[in-house]
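Accompanying notes for the structure given below.
Values quoted throughout were computed directly from the atomic coordinates according to the rules given, and no laboratory measurement underlies them. Computed from a prediction, not measured in an experiment: that's the story for all the values here. Methodologically, a virtual Cβ is constructed for each residue, glycine included, from the backbone with ideal geometry; neighbour enumeration extends over all protein chains shown.
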Amino acid sequence: MKQQGLKQVFAVMVLALVLGAALPAAAHFQMLYTPECALSRGGLIDFKLVFTHPFEAGHTMDMGTPERFFVVHKEQREDLTKEVKPITWTSLTNSGKAWELTGYRLKGMGDFVFCMVPAPYYEGSEDIFIQQCTKMIVNVAGAPTDWDAEVGLPAEIVPLAKPYAQWTGNVFQGVVKSAGKPVPFAEIEVEFLNHEPDMKANRFAAAAAVEAPQDAFVTMTIRADANGTFTFAMPKAGWWGFCALGVGPDTEHDGKELSQDAVIWVKAVDPAGK
């Protein structure tokens, strides 16, 4: 009986390992989302700050209060940390604590570089903290001003192409930096925002834009070169997230390992036919 019991326990353990290996390799991604990033004129825009798995609209992690949230426009920095409000964001599997900024007024032409340093998130399954320093850029009237500027994030991706002016199929390049210095051969995860965010309902739409043929297509992995520069061609219209893993100078939080990542969001647009 004891031997039979051991065999049953062993079988359960093997099954758990197999099922675990079969789960999609979705990555954590800090989202800083607004629907459009190339605008003809200024006005009011809203943002959702959500820590989730964008391709699958999977598990949404509870966010703490952001440490920093600011915007850079024509080299002027405006602190927005006190302007964000807590919300609950619903994924396809759960709901989690998130934040929003509503009614931010874009004044004047040019680039608005929105940046966030979230509170470190404890990932129990790995016994580490994760902090993803995130950028996304909104442009008004096509006038370029700050899109390629370094904003001084501890972990930062500096774009080499305008993130808001990318046709589908364009090649996007960026430089991964740690405290202002390039990170050679940085590991970068790439995910497509596969479920449209519902700004009013604070949730992901159930319908997926594409289906991954295999788990490796859910979270793609690329490497920067010796100068910290990476290259990626976006094959489909929509938002693409790039996350350089563990590149920041801070490596510990509350006595545990900290992965201080750099994230940037880029939107590809289909050419409009006549």
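Here are some notes:
- Derived scalar couplings ³J(HN,Hα) [region 183-194; Karplus, 6.51 cos²θ - 1.76 cosθ + 1.60; whole Hz; x for Gly, Pro]: 10, x, 6, 4, 8, 10, 8, 10, 9, 8, 6, 8
- Under 12 Å, Cβ to Cβ, from E187 - net charge with Lys/Arg +1 and Asp/Glu -1: -1
- Kirkwood estimate for the chain, i.e. one over the average of 1/r between Cα atoms, Å: 19.5 Å
- Under 5 Å from the amide H of K74 lie the amide H atoms of D111, D146, each residue being 5 or more positions distant or on a separate chain, with H modelled from the backbone and absent for Pro and chain starts.
- Cross-link pairs beyond the 27 Å C-alpha cut-off, checked among K97/K267; K74/K267; K181/K236; K200/K267; K74/K97: K181/K236; K74/K97
- Our coupling estimate for region 127-132, obtained by passing each phi through the Karplus curve with A = 6.51, B = -1.76, C = 1.60 and θ = phi - 60°, is 6, 9, 9, 10, 9, 10 Hz, Gly and Pro reported as x.
- In the chain, Cα pairs under 8 Å separated by at least six residues give a relative contact order of 19 percent.
- Each of P249, Q166, L39 was scored by the projection of its Cα onto the charge dipole of region 26-269, and the greatest displacement toward the positive side belongs to L39; charges sit on the C-beta of Lys, Arg, Asp and Glu.
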